[in-house]
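Take this structure first; my questions come after.
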Amino acid sequence: MATLRIKTAGGQHILHKIDLQTSLSELKVSISEVTKIPHDMLKLRLGFPPKVIETNDETLLTTLGIRSGDTLLADKLSQTDQQVPEPVCETRILKPTSDPLLAQASQGILTRKVVPANNSCLFTSIDFLIEERTSVNLDCEKAMRELIATIVQTNKDTYSSAILGKSNKDYCKWIKSSDSWGGAIEIAILSQCYSIEIDVVDTQSGRIDRFGEDQDYSHRILIIYDGIHYDALVLESLDPSRLSYRHKFPTLEHSILIMAQELANEAKSSRQFTDVNQFSLRCLVCQKCLKGQTEAQLHAKNTGHINFGEV
């Protein structure tokens, strides 16, 4: 069962025990009960930047990519909304193609580059890929946090409290702290700042979230997320005569996304993820049993162990 956060102009609500195998129509009924917006007048937005969910009401929540912990923005449809559709939040299924660029990725193996579990793994992973480093730079996070804070502070209309979950001022203070974890908002901002698509391989849902997909950037980077930790993904050469890695990939190179999707499916099927809402897990390094997000975060921070499996 999933937990979803619903944000409206009048405040926010938490929906518990939502079955993700139910339809969008059933979810709208539940949202209508807490928001008092008629279910047939609901406009729901998901993701960042938020995009309208515009699909058949009988579509399953899993098909839409909705997962536990997601935040949905709920508004009442206006006459304009009913006449002019907004960008649609879609679920994309990657299929193998005969693209000649497939041969490029076949020359290597998509490999996880593990970065330290120090509350800044997202920033360290992105910096490693953007700068095409051979080793991680642990000093990068301060500048990246400052960059994000500056962008947010100077775009207060875009980054409102409804998006940030706190006031613009409080968010800027929060993101500058080395104890704060990055997520979707920060990835979207960094994608814009570096003019590169950032694709997140989510091992819990088995999906790939593509930030900047609609911006026609020339290149992409890939990171992997297990519910508690981010690592970089690189393509390791199969040529034994040279140790080399590819950090960036042309967005026209569809083969790398097929490899990433296979990696996500494999990780999901073997339960290589951490459900941060409710889980019992074991550290796969030292075999210690842990309970809940707080224990997992503390263990990762104290030991540097970041490989967990659900019990």
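The values are calculated or read from the model by the stated rules, or taken from the named source; none is laboratory data. Nothing here was measured: the structure is a model prediction, and the numbers come from that model. Note that each Cβ is placed from the backbone with ideal geometry, even for glycine, and that neighbours are counted across all protein chains shown.
For every residue, the table says whether it meets (1) loosely packed, with under 13 Cβ neighbours inside 10 Å; (2) modelled with pLDDT of 95 or more; (3) closer than 24 Å to Arg5 by Cα.
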site	(1), (2), (3)
Leu102	no, no, no
Asp127	no, yes, no
Asp157	yes, no, yes
Asp202	no, no, yes
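Filter segment 24-42 for residues that are assigned to a helix (DSSP H, G or I) and touching a residue at least 24 places away in the same chain (Cβ under 8 Å); which is surrounded by the most Cβ atoms within 10 Å (Cβ to Cβ)?
Start the filter on segment 24-42 by keeping residues that are assigned to a helix (DSSP H, G or I), which leaves 24-35, 39-41.
Filter again for touching a residue at least 24 places away in the same chain (Cβ under 8 Å), leaving 24-25, 27-28, 31, 34-35, 41.
Numbers: Leu24: 19, Ser25: 13, Leu27: 26, Lys28: 21, Ile31: 22, Val34: 15, Thr35: 22, Met41: 14.
It comes out as Leu27.
Identify all residues within segment 149-182 that are aliphatic (A, V, I, L, M) and over 22 Å from Gly227 (Cα atoms); write none if there are none.
From segment 149-182, those aliphatic (A, V, I, L, M) are 149, 151-152, 162-164, 175; that's our starting set.
Those that are aliphatic (A, V, I, L, M) and over 22 Å from Gly227 (Cα atoms): Ala149, Ile151, Val152, Ala162.
Okay, moving on. Determine which member of the set Ser78, Ser120 is at pLDDT 85 or above, polar (S, T, N, Q) and either more than 30 Å from Leu20 (Cβ to Cβ) or over 22 Å from the mean Cα position of the chain (by Cα) (or both).
After applying the criteria, what remains is Ser120.
Of all residues in segment 105-149, how many are more than 16 Å from Ser177 (Cβ to Cβ), of a type in the set (D, E, K, R) and part of a helix (DSSP H, G or I)?
1
Still on this model: Could you count how many residues in segment 36-47 are closer than 25 Å to Ala184 by Cα and at pLDDT 85 or above? First the steps, then the outcome.
Within segment 36-47, the subset closer than 25 Å to Ala184 by Cα is 42-47.
When the remaining residues are screened for being at pLDDT 85 or above, the result is 42-44.
Total meeting the criteria: 3.
Among the residues of segment 232-244, is there at least one that is at pLDDT 65 or above, surrounded by 20 or more Cβ atoms within 10 Å (Cβ to Cβ), in contact with a His (Cβ under 6 Å, 6 or more places away or on another chain) and not assigned by TED's automatic domain parsing to the domain that holds Leu298? If you could, list the steps in order and put the result at the bottom.
If we filter segment 232-244 for residues that are at pLDDT 65 or above, which is where we start, we get 232-237, 244.
Going one step further and asking which of them are surrounded by 20 or more Cβ atoms within 10 Å (Cβ to Cβ), we end up with 232-235.
Narrowing the set further to residues that are in contact with a His (Cβ under 6 Å, 6 or more places away or on another chain) leaves 234.
Imposing the further condition that a residue be not assigned by TED's automatic domain parsing to the domain that holds Leu298 reduces the set to 234.
Yes, because at least one residue in segment 232-244 is at pLDDT 65 or above, surrounded by 20 or more Cβ atoms within 10 Å (Cβ to Cβ), in contact with a His (Cβ under 6 Å, 6 or more places away or on another chain) and not assigned by TED's automatic domain parsing to the domain that holds Leu298.
So Leu110 clears everything in (1) surrounded by fewer than 15 Cβ atoms within 10 Å (Cβ to Cβ); (2) at pLDDT below 85; (3) aliphatic (A, V, I, L, M) except one condition, right? Which one?
(1)
So if I check each of Ala260, Ala300, Ala264, Ala296, which one is assigned to a helix (DSSP H, G or I), modelled with pLDDT of 80 or more and among the small types (Gly, Ala, Ser)?
Only one candidate qualifies: Ala260.
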